[in-house]
Amino acid sequence: MIGVQKAIVRRCLGSTGKQITVAASVVAMSVLTACGSAGGEQAPAGPPTLANDAAWSEIQQKAREEGEVSLYFSLAGIDSVVEDFKAANPGINVNTTFAATGDLTSRLDQEMDANVQGADVVFHASPGWYADKFGADQLASLQISPQQQGEGWEERLAGNSFAEVFGYPYTLGYRTSQAAPQSLKQLLDDNPRARIGLVDPHASPAAANVYQVLRDTYGDEIMNQLAGADYKIEASNSTLAQSFAAGAFDYAYPSQSSTTKPLVDKGAPLAEVIPPEGIAGAYYNAAILRNSAHPNASQVFVNWLMSADGARSFVSHLAPATVPLQTEGAVPWGQVEAYDPADWTTEKWNDWIATNWSPLFH
């Protein structure tokens, strides 16, 4: 999500077996360990392993005995996907911890350095973090089930034990009182003074990347066209969506379904289109930590996210979505140009704003 989210919510099992909700700061170690414990024996690290039928049956049996998975995630709206997993795998509960990607990876780094058993499975949008942890042997070897072997995951994983299972595109939002635009370029060509809300690229490098994808697609002129519109700068996707629903502007870019859809469900006269080209977005990976307290249930959960059922769940609950398996209603895999945190250093981000944004938007 574009913008900064500081709150972390931890939902963990209390002594009664019921879920309790605890607000946590990423810097408070006493809270960091509230639902975790010191790590014990670690699972094997390294490349994925092809599980045969007997080995996978044993993993499934042990998963039911473990009975739960602790999921740390940074994708708003994934709760419905988790519910689909639980319906397909009765007896395996999923306890969830949410934070924005940057906050979540900081927390994970702290817990992993202290060998705290907090997360079993991690799911966020920083590919560089996964590559670093895999290279440092801090991720468990992913056991690929016979079913997922048949879906081509051995080749898709390319020797890595983290699986890219979901992505989403940013969209162009519009008020339903207006005709649906085909693309941002078409909108600005036809209506140079369009009333449009824009997310400030100072919010995050991911926001800057959205505008860079526009420049890569249409050239520098698209930024001049945006600057010539009747624009309003918003600090984040959340404030963009709220102002959009309140009528502050007729169009919103980059819009994000996870922040817009709840307002539409409450009656806001908003809609969105996926641009035909220059689509920016984010991809999410899933992986299992080596010190997972529930290693077998975690293998079952990640394999389900990789499955056709998992793909259909993502598309059903988090549309517009892109998934690696061909799935009805999904944005074709690879069409979304992802933000790469390793590429967008702080220096590059600041230079990009100074060169491409500040001279045009005041």
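FYI, it's all coordinate maths here, none of it is from the lab. Please read these numbers as outputs of a predicted model, since none were measured by experiment. Here Cβ is always computed from backbone atoms with ideal geometry, including for glycine, and neighbour counts include all displayed protein chains.
With a cut-off of 12 Å between beta carbons, the residues surrounding ASP250 carry a summed charge of +3, where Lys and Arg count +1 and Asp and Glu -1. When both region 129-149 and region 192-223 are represented by their alpha-carbon centers, they are found 35 Å apart. Legend: ranking of residues GLU41, GLU277, GLU272 from fewest to most surrounding C-beta atoms inside 10 Å; resulting order GLU41, GLU277, GLU272. Taking every alpha-carbon pair under 8 Å whose residues sit at least 6 apart, the chain reaches a relative contact order of 25 percent.
Of the options [x] 26.2, 101; [y] 21.2, 64; [z] 50.3, 145, only one is Rg and Dmax of the Cα atoms in Å as computed from these coordinates, and that is [y]. Over the chain, DSSP H runs of length four or greater, each weighted -39,500 (n - 2.57), average out per residue to a 222 nm ellipticity of -10500 deg cm²/dmol. Neighbours of GLY150, meaning other residues whose beta-carbon lies under 15 angstrom from its beta-carbon, give a summed charge of -4 when Lys and Arg score +1 and Asp and Glu score -1. ASN303 sits among other residues whose Cβ lies under 12 Å from its own Cβ, and their net charge, with Lys and Arg +1 and Asp and Glu -1, is -2.
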